[in-house]
Amino acid sequence: MDPRRRDLIRVTSALSLAFGSGLLTPAQVFGATRWGNDWNGAVYSARSLEAFVRAMKGDTTTPNEPRTVTRSERGKVPGLSEAAEGQLLMDAPELAENGTNVPVTVRSTIPQTDFIALIADLNPYPVCVGFNVLPENDPGFSVRIKVAKSSNLVAVVRADDRFYYALRDITVMIGGCLG
Amino acid sequence: MGEPMRVRAVLSGEWTEVRVLMKHVMLSRLMWDKTGTLIKPHFIQTVRGTCNGKQVLHVNFGGSVARDPYFSFKFSGGKAGDKVVITWVDTEGDQRSDEAIIS
């Protein structure tokens, strides 16, 4: 067998074993946390919305698996309550031609917001941004993200230890994870 | 030291809006390029900002932020002429700081 191909298979299987068995945590692969324990691997490299919510609530023992969402389930979000009408605003294009650069603006008027997250539901690593709302901040931000395929964008807000979400459907012409 | 980023800070009423454009490859997951070489994830993880020594920004990025990320936020309590310093840290431990004067 071509030696490069053999090495490729070796590396792939070793890494997939390592990831699968939990020996190599995403935090280790993604680089250890800098600036103290700020970048929480369980939260930011969650493979699914469910895993993100579990990690935010403190449970890091349940395995972190990609989410498989059937068409009828799009829009069902576990463990979160839907934000009231008009309180969690998300501005994102309905149709994004290029999935590698999608501008999104999120703004929350829920009182006591202290954390806003933006999640692209069907991305391989769905969590895009975790914005810690400091006392001086306006609870909102704008960012440009990659969206892999047509799916929902979910904005999640933690206010007063409770979690709220809002959805935005987005259609992508060219997927955002090429190269 | 990473690539320079552009920071603009504009005061309007009580809110200072800061817009940051960072230059970074933002590779989110293990990939192999055409020759079979392994590419490790390499993306900005945390961005912090201070104004006159007080922290005004603390945001973490996951893997899904676009290449050459744009980020904008607002804070209150800034005056014209104050200096806003934005710093990012990425998965390789690389770091970059840039500043702007509020106008």
For chain B, what does the relative contact order come out to in percent, with C-alpha contacts under 8 Å and a separation of six or more? 35
With the crude spin-label approximation of a point 7 Å out along Cα→Cβ, what separation in nm comes out for B:M1 versus A:K149? 4.4
Once both label points are put 7 Å beyond Cα along the C-beta direction, the A:N132-A:L89 separation in nm becomes 2.7
Can you tell me which lysines have their Cα less than 24 Å from the Cα of B:K54? Leave out same-chain residues fewer than eight positions away. B:K74, B:K79, B:K83
Inter-label distance, nm, simple model (7 Å from Cα along the C-beta direction), A:K57/B:K54: 3.6
With a cap of 11 neighbouring Cβ atoms within 10 Å, and only residues DSSP puts in a loop, list the trypsin sites (Lys or Arg not before Pro) found in region B:37-103. B:K79
To the nearest 0.05, the calculated FRET efficiency linking B:S97 and A:T105 through their beta-carbon distance, R0 being 45 Å, is 0.95
Hey, can you grab everything whose amide H is under 5 Å from the amide H of B:E92? Only 5+ residues off in sequence or another chain; H modelled, so Pro and N-termini drop out. B:F43
Cross-link candidates for B:K34: which aspartates and glutamates have Cα within less than 18 Å, leaving aside residues fewer than 8 places away along the same chain? A:D2, A:D7
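Readers should treat all values here as calculations from the given coordinates under stated rules, not as data from a laboratory. In this text, all values refer to a predicted model and were calculated from it rather than measured experimentally. For neighbour counting, all protein chains shown are included, and Cβ atoms are generated from backbone atoms with ideal geometry for every residue, glycine included.
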